[in-house]
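The values are calculated or read from the model by the stated rules, or taken from the named source; none is laboratory data. This is a predicted model, so every value here is computed, not measured. Note that we place each Cβ from the backbone using ideal geometry, even for glycine, and neighbour counts take in every protein chain shown.
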Amino acid sequence: MTRSGRAILIAFVAWTAFVWISRISNTLRSTTESTGGKVFSTVLSILMLALATAVIAALVRSWSKPMSSTSLMSLRVAAIATVVVWLVRVPQIVFLDDDPTHGAPFKIVHAVLGLISMALAAGLWKVADDNAGRAARSAASDPARAGR
């Protein structure tokens, strides 16, 4: 994996951890969120952190060898999940959140969080594509590796 690929993976993991650990903290401190809302937010946050952990595992496993198909799939699943979550959450926050304490600054911040997350997810997808191509070229040049 290239140095820039590693940097993208590290940035994705750090950003994802920041966003979703902050969400868990905010959820647990909330006095206005329902119990069901707290459970949903916490479970979603834990799932997103689990995907970030899978990206860390892919990064470690591929530090000095080609990325496996499992690692490539982990990156793609994390990227897709991130985009789907934010494509749902941003419109919910911007257009459907009627909490009077959630004014324009709150909505703008969350839209920016979503845009940054989706940009990093696109980078994650690109790293997966680049490494899939590299693995295919490597297998084609070494017939003994083709079955791995």
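Scanning the range 73-93 for residues that are without any contact (Cβ under 8 Å) to a residue 24 or more places away in the chain and within 17 Å of V43 (Cβ to Cβ) gives V84, V88, Q92.
Contact annotation: residue pairs with Cβ atoms under 6 Å, 6 or more positions apart or on different chains, pairing a residue in the range 58-72 that is within 11 Å of T2 (Cα to Cα) and in contact (Cβ under 8 Å) with a residue 12 or more places away in the chain with a partner that is of a type in the set (G, A, S) and surrounded by fewer than 15 Cβ atoms within 10 Å (Cβ to Cβ), are P66/S138.
If you check M73 against the conditions, is it surrounded by fewer than 16 Cβ atoms within 10 Å (Cβ to Cβ) and under 30 Å from G133 (Cβ atoms)?
Yes: the conditions hold for M73.
Comparison of M48, M1 shows that the only residue that is surrounded by 13 or more Cβ atoms within 10 Å (Cβ to Cβ) and either in contact (Cβ under 8 Å) with a residue 60 or more places away in the chain or not in a helix (DSSP H, G or I) (or both) is M1.
If you go through the range 99-148 and keep only what is in a helix (DSSP H, G or I), modelled with pLDDT under 85 and in contact with a helix residue (DSSP H, G or I) (Cβ under 9 Å, 6 or more places away or on another chain), you end up with A135, S138, A139, R145.
If I filter the range 77-98 for residues that are in a helix (DSSP H, G or I) and aromatic (F, W, Y), do I get at least one hit? Scanning the range 77-98 turns up at least one residue that is in a helix (DSSP H, G or I) and aromatic (F, W, Y). As a summary of the residue check, R61 satisfies the conditions (1) of a type in the set (K, R); (2) under 16 Å from the mean Cα position of the chain (by Cα); (3) closer than 16 Å to A128 by Cβ except for the one numbered (2).
Here's the yes/no breakdown for (1) among the aromatic types (F, W, Y); (2) in contact with a Ser or Thr (Cβ under 8 Å, 6 or more places away or on another chain):
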{"site": "G5", "(1), (2)": "no, no"}
{"site": "T31", "(1), (2)": "no, no"}
{"site": "K38", "(1), (2)": "no, yes"}
{"site": "A57", "(1), (2)": "no, yes"}
{"site": "V60", "(1), (2)": "no, no"}
{"site": "W63", "(1), (2)": "yes, no"}
{"site": "T70", "(1), (2)": "no, no"}
{"site": "L75", "(1), (2)": "no, no"}
